[in-house]
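K.L.:
Quick one: this structure, given as structure tokens, is what I'll be asking you about.
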Amino acid sequence: MSAKKRKHRFLFLNIISFKNYYGKLLFLIFFVCTLSSCRQDTFSSQLATALELAGSNRSELEKVLENYSQEENDSLKLKAAKFLICNMDVHFSYKSRTWDIFQMELDSLFRMEDQPINLEQGLEDLYCKFSNRLSNDLEFVSDLRTIRADFLIQSIDAAFSRWQNPYSSHLAFEDFCEYILPYRAGKESLSDWSQEFGTNFIPSLYERLTKENDSITAIDLCNAIKSYPYSNLSTTVSKLPDYNAHTLSIMRIGNCRQYTLQGVLAARYLSIPVAIDFTPQWATRSMGHEWNAFITHEGKPLSFGIGDNCDLGEHIEFIPDRIPPKIYRQTFAKQKQSLAMIRGSEAIPQTLASPCMKDVTMDYYSCVDVPVKFDFKASGRNKFSYLAVFDNSKWIPVCWAPIKKGMSLFENLNRNIVCLPGYYDHEEFIPAAPPVMIDSIGNIKHLKVDLQNKQDMVLSRKYQTGLVEGHCKEMVGGRFQGANRSDFSDAVDLYVIEDAPESSYQIVNVQTEKPYKYFRYLAPPKSIGTISELEVYEEDTSNKLLGEIIGTEQDLVDISKEMAFDGNPLTSFRKYGFPEVWVGLEFDRPKKIEKIVFLPGNDDNCIRDGELYELFYWNNKWVSMGKQLGSSETYKLKYENVPTNTLYLLRNLTKGKEERIFTYEKRKQVWW
């Protein structure tokens with residue numbers, strides 16, 4: 001079994017363990033929470049249920065309650081203890097001797113290495129070493145059935161001391177319970193996290209601050225948290241158990257989940273109200289994301305992530321093609337109106353299965369409510385419907401609404417997204433209405449395919465990102481020049497890039513009055529000159545011209561001038577910090593140039609010569625419009641008589657996985 005498959009198997013076992021435990025409790029929790037709220041002063045019904053579910057650990061929890069029942073001054077601590085106990089049934093961790101050994105070896109790696117490439121390789125080696133054993137001794141550990149009285153009392157007392165800090169003293173009790181009181185951040189094993197972070201993380205944080213202690217603000221501290229110097233994102237880490245507090249406090253490489261846990265524990269130590277917010281799935285690309293959010297006095301979240309290079313509050317928008325359709329907050333308390341708490345026995349998607357998630361999209365954006373009328377009823381007795389977004393291969397549910405008379409109203413959606421309404425049955429999302437497009441100003445359009453009115457389409461790509469768009473914009477003002485002197489003092493402009501080109505191979509036919517011995521692409525002033533491919537063709541021939549590669553010298557081999565002529569769209573020439581950047585060819589003798597082909601900095605999702613493509617349109621499923629081979633004659637595909645007013649998807653059947661839905665508007669692909 002490959003390491004990748006073993007990691008997937010481990011993830012599967014993790015999920016199954018949680019489902020087995022959670023399934024036994026869910027109906028009882030749902031029934032009790034419909035009768036009373038955990039925020040009532042008495043907590044009576046839920047407290048009785050929690051104590052019963054605790055089994056043999058009931059006496060430990062009763063010790064905590066008794067401890068805070070002795071003095072009237074402890075009444076708020078008693079209320080806090082009841083809050084924790086009432087919500088403890090859905091919190092857990094995993095126990096594994098092998099996992100503990102793994103983290104000890106990871107500790108050694110972190111202490112020896114600080115170079116990203118060595119950390120990544122060391123982490124990969126550890127996963128290869130342990131991945132086939134990680135699930136062998138894995139045990140599910142329920143907080144309710146294992147937590148000790150002294151641990152919980154110490155945790156509550158420490159939280160109340162932190163609540164007196166100026167950074168959190170303004171918090172209402174309900175907010176204190178979410179941001180300062182909890183004894184855990186995720187599903188890490190229970191330990192004295194405060195001791196670990198106070199010893200390993202916080203001292204170096206204060207060293208990064210330049211202000212005097214009495215002038216340091218909560219925002220200063222959040223900036224110091226996110227400036228943690230070892231913010232190396234790993235491509236190796238899969239969805240394994242959360243690292244323990246010690247590993248989180250010294251971590252030098254991890255994924256977004258692990259860094260958000262590190263961020264929230266560091267903030268909690270400093271008495272700063274910081275949450276973990278997340279989107280289950282981006283609306284515009286694959287995967288979801290988690291980040292930290294500092295909660296201001298006004299209750300507004302300011303997003304940040306460890307190692308991001310943007311201002312507090314700009315973490316999500318820092319990369320322009322990341323648009324969250326919905327944003328949820330991870331909470332300690334069970335949310336009474338969460339789907340998990342009201343679903344009864346109805347199966348629901350894994351992306352919305354946590355009882356501890358709260359919709360906070362409206363705290364980030366000006367939102368839109370989307371009404372949907374379904375084309376047919378669900379096959380089962382479904383009470384809920386869903387909106388899903390495309391993850392480059394399938395539709396992922398990201399929000400839900402009750403069904404009433406064949407309709408649903410989905411509340412608080414972000415803008416500039418496309419989503420698909422449907423049902424959930426037998427662990428599968430079932431499309432049940434046309435896609436919904438919400439534009440940047442909140443206009444809603446239902447994309448019901450038009451099979452009568454058809455159009456011709458010219459396609460240049462199958463996927464788009466803001467990064468390649470940036471490379472294209474950077475080329476505006478760039479010049480292709482011919483010359484007969486090596487210093488280009490007699491240079492003649494053959495073509496000037498006046499508008500941002502498409503992020504695909506561009507063919508430029510030129511007319512020259514005389515031959516040139518030298519040819520170059522001269523990047524616009526103050527740019528880094530990124531270009532992936534450059535080809536030149538002689539007049540009256542189909543032969544690509546060859547010559548000695550010339551240009552701005554570059555010490556870094558992987559972005560040297562040779563990269564512009566290597567035939568690989570994934571490599572590029574560029575030069576940082578140089579006033580004039582250029583790359584070109586010196587021919588053996590003067591040549592009369594007829595055609596220039598160039599490719600902006602790229603991700604190889606453009607149309608390629610000789611590769612096989614297939615276009616699909618959406619009509620409650622993907623319907624093929626046929627296959628075509630890409631050709632270097634145009635580097636485009638042309639499809640005729642394509643249905644209108646719908647979504648499209650172009651797949652490369654030769655290679656690659658990145659594929660993105662688009663609409664076709666004013667003869668251009670518009671990406672969603």
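K.L.:
Which of the GluC sites (Glu not before Pro) found in the stretch 107-212 are in a DSSP loop and have at most 15 neighbouring Cβ atoms, other than their own, within 10 Å?
P.N.:
For GluC sites (Glu not before Pro) across the stretch 107-212 that sit outside H, G, I, E and B with at most 15 neighbouring Cβ atoms in 10 Å, the list reads Glu212.
K.L.:
Calculate log10 I(q)/I(0) of the chain for q = 0.08, 0.10 Å⁻¹, where I(q) comes from the Debye formula with a single equal point scatterer on each Cα and nothing for solvent.
P.N.:
-0.74, -1.07
K.L.:
Can you give me the Cα centroid spacing of the stretch 506-574 and the stretch 368-403 in angstrom?
P.N.:
Each part reduced to its Cα centre gives a spacing of 49 Å.
K.L.:
Still on this structure, please answer the following. Output the direction-averaged projected area (hull surface divided by four) of the convex hull of the alpha-carbon atoms of the stretch 337-419, in nm².
P.N.:
In nm², the orientation-averaged hull projection of the stretch 337-419 is 6.2.
K.L.:
Using alpha carbons only, how many degrees (0 to 90, rounded to 10) separate the axis of helix 3-33 from the longest principal axis of the chain?
P.N.:
Roughly 40 degrees, rounded to the nearest 10.
K.L.:
In whole Hz, what ³J(HN,Hα) sequence does the stretch 185-200 give by Karplus (6.51, -1.76, 1.60; θ = phi - 60°), x for Gly and Pro?
P.N.:
Per residue, the Karplus-derived 3J(HN,Hα) values read 9, x, 10, 5, 5, 5, 6, 7, 4, 4, 5, 4, 6, x, 8, 9 Hz.
K.L.:
A follow-up question, please. Per residue, how big is the convex hull around the C-alpha atoms of the stretch 459-579? Give it to me in cubic angstrom, could you?
P.N.:
Considering the Cα atoms of the stretch 459-579, their hull volume per residue is 131 Å³.
K.L.:
What do you get for Rg/Rh of the stretch 119-257 when both radii come from the Cα atoms and Rh is the Kirkwood radius?
P.N.:
That ratio is 1.00, to two decimals.
K.L.:
Could I ask something else about it? Taking a probe of 1.4 Å, how large is the accessible area per residue of the stretch 590-650, in Å²?
P.N.:
38 Å²
K.L.:
Something else now. Would you work out the Kirkwood radius for the stretch 28-181? I mean one over the mean of 1/r across all pairs of different Cα atoms, in Å.
P.N.:
When all Cα pairs of the stretch 28-181 are included, the Kirkwood radius is 18.3 Å.
K.L.:
What's the Kirkwood radius of the stretch 564-672 in Å, using all Cα pairs?
P.N.:
One decimal place: 16.9 Å for the Kirkwood radius.
K.L.:
Now for a separate question. Amide H neighbours of Glu538 under 5 Å, at least 5 residues apart or on other chains, H built in the peptide plane: list them.
P.N.:
The answer is Asn543, Leu545, Glu594.
K.L.:
Please list, by residue number, every one of the GluC sites (Glu not before Pro) in the stretch 443-510 that is coil in DSSP and has at most 13 other beta-carbon atoms within 10 Å.
P.N.:
Those satisfying the criteria are Glu498.
K.L.:
Further question: Hey, what number do you get for the chain at 222 nm if only DSSP H runs of n ≥ 4 count, each worth -39500 (n - 2.57), divided across all residues, to the nearest 500?
P.N.:
-8000 deg cm²/dmol
K.L.:
For the full complex of protein chains and a 1.4 angstrom probe, list Met362, Met457 by accessible area with the highest value first.
P.N.:
The residues order as Met362, Met457, largest area first.
K.L.:
Using a 1.4 Å probe on the protein heavy atoms, what percent of the accessible area of the chain belongs to carbon and sulfur?
P.N.:
The C+S portion of the solvent-accessible surface of the chain is 49 percent.
K.L.:
Let me ask something additional. How far is helix 97-112 tilted off the main Cα axis of the chain, in degrees rounded to 10, range 0 to 90?
P.N.:
50 degrees
K.L.:
Go through the stretch 148-159 residue by residue and turn each phi into a ³J(HN,Hα) via Karplus (6.51, -1.76, 1.60, θ = phi - 60°); whole Hz please, and just put x for glycine and proline.
P.N.:
Values, residue by residue: 9, 4, 5, 5, 5, 5, 4, 5, 5, 4, 5, 5 Hz.
K.L.:
Tabulate in residue order the Karplus-calculated ³J(HN,Hα) for the stretch 600-616, using 6.51 cos²θ - 1.76 cosθ + 1.60 with θ = phi - 60°, rounded to whole Hz; enter x for Gly and Pro.
P.N.:
x, x, 9, 10, 6, 9, 8, 5, 10, 4, x, 9, 9, 10, 9, 9, 10
K.L.:
Right, next: Would you mind computing the Rg to Rh ratio of the stretch 556-597 from its alpha-carbon coordinates, Kirkwood style for Rh?
P.N.:
1.02
K.L.:
Using a Förster distance of 35 Å, how high is the FRET efficiency between Gln452 and Thr235, based on the Cβ-Cβ distance and rounded to 0.05?
P.N.:
It comes out at approximately 0.15.
K.L.:
Return one number: the angle in degrees, 0 to 90 and rounded to the nearest 10, between the long axis of the Cα atoms of helix 44-53 and the longest principal axis of the Cα atoms of the chain.
P.N.:
In the chain, helix 44-53 runs at an angle near 80 degrees to the longest axis.
K.L.:
Which values, in whole Å and largest first, are the semi-axes of the equivalent ellipsoid of the stretch 419-516 obtained as the square root of 5 times each eigenvalue of the Cα gyration tensor?
P.N.:
Computed over the stretch 419-516, the values are 48, 16, 13 Å.
The values are calculated or read from the model by the stated rules, or taken from the named source; none is laboratory data. Keep in mind that what you see is a predicted model, and the values were worked out from it rather than measured. Note that each Cβ is placed from the backbone with ideal geometry, even for glycine, and that neighbours are counted across all protein chains shown. Areas reflect the complete protein model, heavy atoms only, side chains present, ligands, DNA and RNA absent. Shrake-Rupley method; radii C 1.70, N 1.55, O 1.52, S 1.80 Å.
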